[in-house]
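These notes are about the structure you will find just below.
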C-alpha cells in the first residue's frame, strides 16, 4: 500500500493563557491515491481542525502531514479546500472566482487563452458555465458550492479537501451535489478527503470512513471500509445489505460507544 | 354509512382545461400621458415639501429682517445686492477681485490636493494598523489624541513649517481628513473574514496580490465611509483655513466681505459653500456605491 497522503502522529494543543486544551491526539492515517475518505465525528471533535492542519491553515503541535513523502506545513493549491460556507469572493464574478486560483497555479505553464479555457472547462464540470458572469449574491447556495468545487478542482490539487461541503444546503440540493461529486470523483479520479457529520453521506460517497472519538483529545476510533462497487446509485443502495451494514456500524459508533455528551 | 358516493368532478374538469383555447395576452402598455403623469406625481411628492419649507423660511426671514435698523438684510435685499455676483460668476478684475466661480475653484483645488494626499496616506496607514497588531498598539493611541486637535490649531504650526499660505492650507486639509480614513480603513481590514484569508492562503497569493485582490475590495465599504467623513471635514477645514491665510478662495471671500460689511455677499457665499459641500459628499458616496457594487455578503 503506497501512502499518498500520510498523517503522522498528529497532536494539536490549543493554548490560551495558562489553559491548554488537547484537541487531537495521535492521529495516524494513510490515504491512497484516488481514494475517497470521509472523517466523521460529533461536532467539536476537532475534525475541522484536522482538515485545517492538512490544508496547512493551522500547524500541528507535534507530528506532521506528508504528501507524496514530502512534509507540507503551509497552505497550497496542491491541497485545495472546498469550504463549508463556499467562501466565494462576493466582488468577483463566478468566472473570476475560479480564475483567481487558475491564474496563480498555471501562471507559467498555461497561456492566457489556455487558462481561460481551463476555467470554463471546470465550470462546465460542475454545470455552472451558464452563470459565469453572475456574482455570488445572484446565485443559489447549491450553485455557490458548485463554484467552490470548480475553484478547488481547477487548481488540480493532489488532494481535494472538503470541509462539510454540503452542510449548509437543503436536503434535495445536498443529494444532487453529492451525486455530482461522486460523478466527478469517478471521472477525474481525485484523491478526496471529506469532513462530514452526515452518516448517509459518508457511507454513500466514501471508500473508507474514519470515525473520530469525542474531544477533548479526540483520536481515530475506528476506520471502516465501505466495500460497495462504484458507480453507486443512491436509490439502489437504500436496500443494499452492505450499505445498511456499514451505515449501522457508523451509527453504532457515533450513538452508542461515543455518544455526544452535551456537558463534556 | 350509506352515503352515496359523490362523483368526483376532477375527471371532467381536467380535459376542459387542457382544451382551453390559448389566448394571446398582449401586454397592456399604459398610455404615454399616464406614465408622464405618474412621474410628475412622484417628483412632486419629493420636491414640493422642501420647496414649501424653503418658501416659509424665506418669508419668516423677510418679515423679521425688513424692519428698519435690523442687523441682517432680508432675502430680497440679499438678492438685490448680490445680483452681479450671481449672474456673473466668471469675472476677473485681477488680485482677489474675482467672480465666485474662481473663489470656489481655488478652494476646491486645495481640497482636491490635500484630500487626495490624505486618502492615499490614510488608506496606507489604515492598512498597516489594521493588519499589524504591533503597528496598532504603537500608533493607535497617537491617532486617538491627534485626531481630536481642531483643524485651525494646526495652522500656525504649518505656517511656521512651510512659511507659505498655500502649502499650509493643504496641510491643514490633509491632517484634518486623514483620521477618519485611517480609522475606518483599519476597522475594515480587521473585519476581513478569515474565510477570505484562507482562500488567499490556499491560492498562495503574495502580499501584493492579497492587498489588491482581497484587502481593498473586502474593506472597500469601510474605506468609503472614512473617505466620506474625510471629504466633509476637508471642506470644513478649508473655509476656516482660507479665512486666515487670505488670497483667492471662498473662505477669504467671506472674511473679505465681512471686513467690507457686505453682509449680503456673506449670505450668498454661505449658500454656495453649503451646496458645494453637499455635492462633494454625494460624489464620494456615489463613487463608493459604484466601487463597492457586489461587495454585499451573499
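Computed from the coordinates by the stated procedures, all read-outs in this text should not be read as laboratory data. Bear in mind the structure is a predicted one, so any value in this text is a computation, not a measurement. Cβ placement follows ideal geometry from the backbone for every residue including glycine, while neighbour counts extend to all protein chains displayed.
Beta bridges assigned by DSSP with both partners in chain A are antiparallel in approximately 55 percent of cases. Shielding value for B:214-225 is 1, the average number of Cβ atoms from other chains within 10 Å of each residue's Cβ. Here each label is just a point 7 Å from Cα along the line to Cβ, and for residue A:186 and residue B:101 those points are 7.4 nm apart. With a 10 Å cut-off around each Cβ of A:208-214, the average count of Cβ atoms from other chains is 0.
Over chain B, dividing the summed -39,500 (n - 2.57) contributions of all DSSP H runs of at least 4 residues by the number of residues returns a 222 nm mean residue ellipticity of -25500 deg cm²/dmol. Need the C-alpha centroid separation for segment B:202-249 versus segment A:32-103, integer Å. What the calculation gives is 36 Å, centre to centre.
Compute the angle between helix B:75-87 and the longest alpha-carbon principal axis of chain B, please, reported from 0 to 90 degrees and rounded to the nearest 10. The angle comes out at about 90 degrees. Between B:249, B:95, B:130, the residue with the greatest mean-square fluctuation in the GNM of chain B (Cα pairs under 10 Å linked by springs) is B:95.
Between the Cα long axis of helix B:250-259 and the first principal axis of chain B there is an angle of about 50°, rounded to the nearest 10. Inter-chain neighbour count for A:88-101: the average number of beta-carbon atoms from partner chains within 10 Å of each residue's beta-carbon is 4. Ellipticity at 222 nm from helices only: DSSP H runs of n ≥ 4 in chain A, each -39500 (n - 2.57), divided by the residue count, give -10500 deg cm²/dmol. Using only Cα atoms, tell me the angle between helix B:263-291 and the longest principal axis of chain B; keep it within 0 to 90° and round to the nearest 10. Helix B:263-291 and the main axis of chain B meet at about 40 degrees.
In terms of the mean number of neighbouring beta-carbon atoms within 10 Å, the peptides A:60-66, A:167-173, A:76-82 order highest first as A:76-82, A:60-66, A:167-173. Rounded to the nearest 5, the antiparallel percentage of DSSP beta bridges internal to the protein assembly as shown is 60%. Per-residue packing, averaged as other Cβ atoms within 10 Å, sorts the ranges B:157-168, B:207-218 into the order B:207-218, B:157-168, beginning with the highest.
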